[in-house]
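Visitor: Input: one structure, supplied below.
The values are calculated or read from the model by the stated rules, or taken from the named source; none is laboratory data. Predicted, not measured: the structure shown is a model, and the values here were computed from it. Cβ placement follows ideal geometry from the backbone for every residue including glycine, while neighbour counts extend to all protein chains displayed. Accessible surface is based on the protein model in full, side chains and every heavy atom, while ligands, DNA and RNA are left aside. Shrake-Rupley method; radii C 1.70, N 1.55, O 1.52, S 1.80 Å.
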Amino acid sequence: MNSDGIILQLGKEDREIFKANPYLFDTMYLDLISVIKAHNKDCRLDYLGIFKFFQ
């Protein structure tokens, strides 16, 4: 958690959660970001997603 940057990769399971319950998906990722920022407020975050994630 002391990294300058972290890459979060969104995958198939994330897409399935999003399709089934977008609110749960948002809540889970906002919680994850909060945990990361609580340990390292200056950490940069980047996201990689699978092709056509939201379709």
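Visitor: Output the Kirkwood hydrodynamic radius of the chain, Cα pairs only, in Å rounded to one decimal. Don't skip to the end; give the middle numbers.
Guide: Working: mean 1/r = 0.0831 Å⁻¹.
Value: 12.0 Å, from the Cα pair sum.
Visitor: Just the accessible area per residue of the chain, please: how many Å² with a 1.4 Å probe? Don't jump to the answer; show the numbers that get you there.
Guide: Details: 4390 Å² over 55 residues.
With all protein chains present, the chain gives 80 Å² per residue.
Visitor: Starting from the Cα-Cα distance between residue 38 and residue 19, subtract it from 0.36 nm times their residue separation and give me the gain in nm to one decimal.
Guide: On the way: separation 19, 0.36 × 19 = 6.84 nm, distance 2.85 nm.
Additional length available on full extension: 4.0 nm.
Visitor: If packing is taken as the mean number of other Cβ atoms within 10 Å per residue, what is the order of 14-23, 35-44, highest first?
Guide: By packing density, highest mean first, the sequence is 14-23, 35-44.
Visitor: Separate question: Quick one: helix 22-39 against the long Cα principal axis of the chain, what's the angle to the nearest 10°, folded into 0 to 90?
Guide: The two axes meet at around 10 degrees.
Visitor: If I compute solvent accessible area with a 1.4 Å probe over the protein chains, what percent of it on the chain is carbon and sulfur?
Guide: Working: 2440 of 4390 Å².
Summing carbon and sulfur atoms, their accessible area is 56 percent of the total for the chain.
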